[in-house]
Amino acid sequence: YLLKKRLIRAIKKNYEKELQIIDRFADKSKDALDIGVYRGVYSYKLSPYFKKIHSFEPNPLLFPYLERNLKKIITNIQLYNMALSDKNGKIDLKLPLRSKSIFKDNIEELFKLGAASIHPTKTFESFKNIKVKTSQLDNIKLDNKIKFIKTDEEDMKLKFLKDLKILLKLTVLYY
């Protein structure tokens, strides 16, 4: 319930103006991709307009929360705990440290989760490295045509599109 309130508030507050035009690309017969889910605002906004939302989040600290809560709110979502890339394998995810918290299980206090990065040249004063799975999008089984892709992978944007057959069928790409 709390997550849903946060998602609705983020959309209403117009933090990201692009959210206001998603309905223009609606096609309930096709799917959408949300690459770099973080909290799930885009997945939530996309869900009423597309048949299925394929949502990719590589952060292993965020993913269990999304798996547990986002699936309750969005019935047409498929979550993937991986980063999309031009290669299959593993990559370092840098999680910048926020503070020294006495609550070791509170990831919000320990890390700046929204600033996590897989970009090799991205640096932080203090961070934790975690190896995360990478996959080429062509290796993901998508049963339907994709109409819309939202990507939020900082400076790695569009790298995952290399040799991507899906571009031949794509209508809209937002990054």
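The values are calculated or read from the model by the stated rules, or taken from the named source; none is laboratory data. Owing to the predicted nature of the structure, the values given are computational and were not obtained by experimental measurement. Counting neighbours? That spans all protein chains shown, and the Cβs are built from the backbone with ideal geometry, glycine included. For accessibility, only protein heavy atoms count, side chains too; no ligands or nucleic acids. Shrake-Rupley method; radii C 1.70, N 1.55, O 1.52, S 1.80 Å.
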I'd like to check something: does the stretch 102-124 contain any residue that is at pLDDT below 85, more than 16 Å from the chain's Cα centre (by Cα) and of a type in the set (Gly, Ala, Ser)?
no
Can you say whether GLU57 is among the acidic types (Asp, Glu), in contact with an Asp or Glu (Cβ under 9 Å, 6 or more places away or on another chain) and without any contact (Cβ under 8 Å) to a residue 40 or more places away in the chain, as far as the supplied structure shows?
yes
Which residue is farthest from ASP27 (Cα to Cα), if the candidates are limited to the stretch 40-72 and must be open to solvent by less than 40 Å² (accessible area, probe 1.4 Å) and among the aliphatic types (A, V, I, L, M)?
LEU62
Condition set at pLDDT 85 or above and in a loop (DSSP other than H, G, I, E, B), scope the stretch 132-164, selection least open to solvent (accessible area, probe 1.4 Å): answer is ILE140
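Can you tell me which residue in the stretch 73-99 is farthest from GLY40 (Cα to Cα), limited to those that are of a type in the set (Ser, Thr, Tyr) and open to solvent by 20 Å² or more (accessible area, probe 1.4 Å)? Break it down stepwise before answering.
Initial filter on the stretch 73-99 (of a type in the set (Ser, Thr, Tyr)): 75, 80, 85, 99.
Subsequent filtering for residues that are open to solvent by 20 Å² or more (accessible area, probe 1.4 Å) retains 75, 80, 99.
Values: THR75: 13, TYR80: 12, SER99: 24 Å.
Restricting to residues being of a type in the set (Ser, Thr, Tyr) and open to solvent by 20 Å² or more (accessible area, probe 1.4 Å), the top hit is SER99.
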Which listed residue is closer than 16 Å to LEU142 by Cβ and small (Gly, Ala, Ser), from SER47, SER85, SER43
SER43
With respect to ASN76, determine if the residue is closer than 29 Å to ASP31 by Cβ and at pLDDT 80 or above.
yes
